[in-house]
Structure formats: structure tokens, C-alpha cells
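Everything on this sheet refers to the single structure shown next.
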Amino acid sequence: MKTLRLFYAALASSVLAVSALAQAPVTKLQDKPEAKPQELTVDIRNLSEPVLCAEKDNIRVDFASPDVRSFRIQAQHPAYIGTIVTDRWAPDFTSCDMSADSAFTSGADKPKRITIWETPEYWLTGYIFPTFWRPNSVPLTVEGRSEKFHLIQLWKLHRERAEEVLVVYPPDGYWRARPLPFGDMRWTAYGSSFLVGPVEVQERPIVALKDMAFDPATMTFNLNFMRGGSAKLHVATVDPDHLAIDVSLDRAMPDGLPFASLRSMYITETNSDVARVQWRSAGSHAWGEGTIMDFKGAKAQEFWAGRTVPSRHNLSAPDMVFQRFLGTAGK
């Protein structure tokens, strides 16, 4: 009996202790807020020139900084995308003379299309053309298979149909991106292009690639440059609002060359792929904005290029955003 009384006394004491603990004020441990990476300011240079030919990339906006090691490129539907009833994407060769363009033969007598890699959701295809303005000399390696292509396309299954969301031309390093179709639209146009790597001029602005590889497991393109160095382009997001690509660079560009460039076209505001620009500078309380042809360049941490009114050329083509410029290890 004595042992039983001692047991109940101990139990009652424990209950009182737990009750007191439950009524005591709770001190909540606060997680230390994670420090955000410091955005870098980059030199944005506008080298655009007026032209009459709507199929010539006369818009050139370069991004330069010896400190940048990563950044993000986004293709976003234009603000007026929801107002489009009938789309436009046909080429316009008015006032164009391309007779002096270079042409290198590949040995193919007609365009050749090859499926490089595929899953039920994504697949990669390559094209070999009879001629191209630069030699077809850049090998692409995917899962141990290597071949040279003029054009590489990334496709995604969306609403039970194939949607082409990203292309690259290995001979000159040009990329084009677009989100999945908006709303009930079945298709949207490509517009502006971009370059990643040491941008130089060989007849026109290019990035000379040594070789490429694609890692399906991470959806990443790995690039090696003829001028040295490398980059990774990770396809981070593909949805009906935007397509986001996270870029990482292993070093500064040689000879102070730009690490990226936006390429597009402008004839008039209603015949353009890019008509206006916006930029956010460090410490500024407002965005700068203006027309593409009057833009004098800026030192900024974010840049947008696109259209605010519909255009007769590539009506549904996306706006382009360059942002999240960070240094080594995201610092």
C-alpha cells in the first residue's frame, strides 16, 4: 500500500508539473533570416541601329561586367497578350536585300530532322540544313551521342500537343525562347534572340561555341566557348506565363567582352519585336523607361525589353527580361 501511495503521489506531481509547463509563456525560436544575395550592377549598352528591313536584327543591347557569374533570362508574354484575337507571325521581307549574306554548304540536299532525346514530357530535336551563314562545326553531346546541328529545338507536351519552347543555333550561338501558349491560344510567336558568352562580331554579333552538351536529368545546356571558359543554361521554369533560364558562368569574359546580348528588330513601334525598354538601377526608387532607339544605356540591376502596344510583326512574341545578376557563389 505504501508503494502504491508513493506511485500516485509521484503521478500527481508529474501532472501538476506538465500543467504548469503548458500554462507557461512559450518562447518561440526565430529562424535567422537568410541573407539575400547581393545583386550586381551591370553595364547595359545600346548599340542598336535604324534599318528598313524587318527581318534584320538591328537591335543590339549588350550586358557587361567582370564580376557576374550568374543571372536569369526570362521570356514573358506581352502585357496585351489577352487582347489578341488573330495572331500575326509571317515574315516581312519588305526593303530587305540578303543577296550578300554568307552561305556555307553542309552536304545535305534537303533539311534533315533528327530526334536526339525524348521522354513523354520533353524532347530534343536537331536540324541539318543544306546551307547556313556559318559552318556547321559545333558538336552537341546528349547521353553519349554526339552530332553537329544547325538548329536544336526543345519541345514540351502541353494540353495534349507539342510546344516548341526553346531553340539554339550552335553555329552562331543564338537562342530564342517563348512561354507556353497563353489562355486558350494554341500557339505564340518567337521574337527576340539572345546570346550568352563572350559576344564578338564576325559579320554580325555572335558567340563562338567550341562544343555543347545537354543533361536531361537537370534540363541544362553546357557550353564551352572558343575563346575559353564555359557556361550552363538551366531551363528552370516553363509555364503559360513565362520561361525562365538560369545562367551560370565559370569566369569573366575575355578582353572585356559582354557576357550576354539581346538581339531583336525595330522598324517602327507598330512593326517591331522590341519597341520599349525599362531598367532598374541600384538605389533608385523608380524604374527608368523609354523607347529602344532613344535608350542611351544604363548601369542597372534589371532590364526589360518588349512592347506595350500591338505590333504587325510577331504580334504574340514575348518580352525579354535580364535580371538576378550575381557574383561568385551567388554573392
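The values are calculated or read from the model by the stated rules, or taken from the named source; none is laboratory data. Here the structure is a predicted model, which means the values were calculated and not measured. Counting neighbours? That spans all protein chains shown, and the Cβs are built from the backbone with ideal geometry, glycine included. Side chains are part of the model used for accessible areas, which takes the heavy atoms of the whole protein and leaves out ligands, DNA and RNA. Shrake-Rupley method; radii C 1.70, N 1.55, O 1.52, S 1.80 Å.
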Restricting to the stretch 167-186, name every residue that is on the phi < 0 side of the Ramachandran plot, open to solvent by 10 Å² or more (accessible area, probe 1.4 Å) and at pLDDT below 95. Phe182, Asp184, Met185, Arg186
Can you pull out every residue in the stretch 146-161 that is over 20 Å from the mean Cα position of the chain (by Cα), in a strand (DSSP E or B) and modelled with pLDDT under 95? Arg161
Turns out the strands (runs of 3 or more DSSP E) fully within the stretch 292-331 with at least 3 residues that are closer than 22 Å to Ala231 by Cα and open to solvent by 10 Å² or more (accessible area, probe 1.4 Å) are 319-326
Could you check how many residues of the stretch 139-163 are free of Cβ contacts under 8 Å to residues at least 12 places away in the same chain and touching a Leu at 6+ places or on another chain (Cβ under 8 Å)? 1
Checking Gly288 against (1) open to solvent by less than 70 Å² (accessible area, probe 1.4 Å); (2) within 14 Å of Tyr266 (Cα to Cα), the condition it does not meet: (2)
So the check is Cβ under 8 Å with 6+ separation or different chains; which pairs have a first residue in the stretch 36-48 that's closer than 23 Å to Glu200 by Cα and free of Cβ contacts under 8 Å to residues at least 60 places away in the same chain and a second one that's among the basic types (Lys, Arg) and outside any loop (DSSP other than H, G, I, E, B)? Leu47/Arg60
In the stretch 275-285, the residues that are of a type outside the set (Ser, Thr, Tyr) and either open to solvent by 50 Å² or more (accessible area, probe 1.4 Å) or assigned to a strand (DSSP E or B) (or both): Arg276, Val277, Gln278, Trp279, Arg280, Ala282, Gly283, His285
Considering every residue within the stretch 257-266, establish whether at least one is surrounded by fewer than 16 Cβ atoms within 10 Å (Cβ to Cβ), within 18 Å of Thr94 (Cβ to Cβ) and either in contact with a Ser or Thr (Cβ under 6 Å, 6 or more places away or on another chain) or not small (Gly, Ala, Ser) (or both). no
